[in-house]
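Below: the structure, in structure tokens.
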Amino acid sequence: MTDDSNLYDLLDEYGLDNEDFGFRAAWCEGLTSEETARRLRADLDSAYVSSLGELMHKEGDSDFDEGALLIGPAGFWTMILQLNGLDCTRYSALEALSAGAGRAVGIGWSANGDERLIYAADGRVLVSMDFTFPEDRSGPDRQALDPYMEGLVLAYEEGAEVEESIDAALTLIGRITGHPIDRGWIEADHTFYVIPRNAWAFQS
């Protein structure tokens, strides 16, 4: 069994770091799964309860349509695992998820890199950071993540593995939310939704 403290290995064990798609996930504070889906412009009528394992078996090696999401509670936060597509890490989506004095954080990477962690509060993105090169930040509050970064090695340095930075970034998210991604969440039943094609057209 993989040690849950090694978060990247946990994702890899469940096939969540897709070699073509990469990985996309987000967390939002204080919203139900249904409200989270609504703010992400998902089709609420597409909802049904399933586990990730059941979905992957049903879809055949995770061949999901674009816009597929699995949404479920994670402590006082709600986690969004995007099974295909990029919607949950859009700036506009994270702004919507954090609107009304809430917070949201998104993480993503692809086979070609593009390692990005985005933090939003009260309807606006505060900082977007390349978590393999943490000096590369943009946004109105570039130090917003600093209180959560103590002791974490985010830099992808010569001789290090990019997976180490991914693991540190996921640990950082766990510090923000109080509930890092873990085996329990991955194996539990959550709600599957689909975001209609072009629902976020022309949105960043």
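The values are calculated or read from the model by the stated rules, or taken from the named source; none is laboratory data. Just so it is clear, the structure is predicted and the values come from calculations on it, not from any experiment. Note that we place each Cβ from the backbone using ideal geometry, even for glycine, and neighbour counts take in every protein chain shown. Only protein heavy atoms, including side chains, enter the accessible area calculation; ligands, DNA and RNA are left aside. Shrake-Rupley method; radii C 1.70, N 1.55, O 1.52, S 1.80 Å.
Out of all the residues in the stretch 156-204, which are of a type in the set (S, T, N, Q), farther than 23 Å from Arg41 by Cβ and out of contact with any helix residue (DSSP H, G or I) (no Cβ under 7 Å at 6 or more places or on another chain)?
The answer is Ser165, and nothing else.
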Self-check item: Given (1) touching a Gly at 6+ places or on another chain (Cβ under 6 Å); (2) under 30 Å from Tyr156 (Cα atoms), index of the condition Thr132 fails
Solution: (1)
Practice problem: Write out, first by first residue and then by second, each pair whose Cβ atoms fall under 9 Å of each other, whose residues are 6+ apart or on separate chains, and whose first residue, in the stretch 181-204, is farther than 20 Å from Gly106 by Cβ while the second is open to solvent by 30 Å² or more (accessible area, probe 1.4 Å) and among the small types (Gly, Ala, Ser). | Solution: Glu187/Gly53
Self-check item: Enumeration of residues in the stretch 23-76 that are open to solvent by 50 Å² or more (accessible area, probe 1.4 Å) and on the phi > 0 side of the Ramachandran plot
Solution: Gly30, Arg41, Asp61, Gly75
Exercise. Please find, among Tyr156, Tyr148, the residue that is of a type in the set (Phe, Trp, Tyr) and under 14 Å from Asp114 (Cβ atoms).
Key: Tyr156
Practice problem: Mind listing just one residue for me: the one in the stretch 33-61 that is assigned to a helix (DSSP H, G or I) and more than 19 Å from the chain's Cα centre (by Cα) and, of those, modelled with the lowest pLDDT? | Solution: Glu59
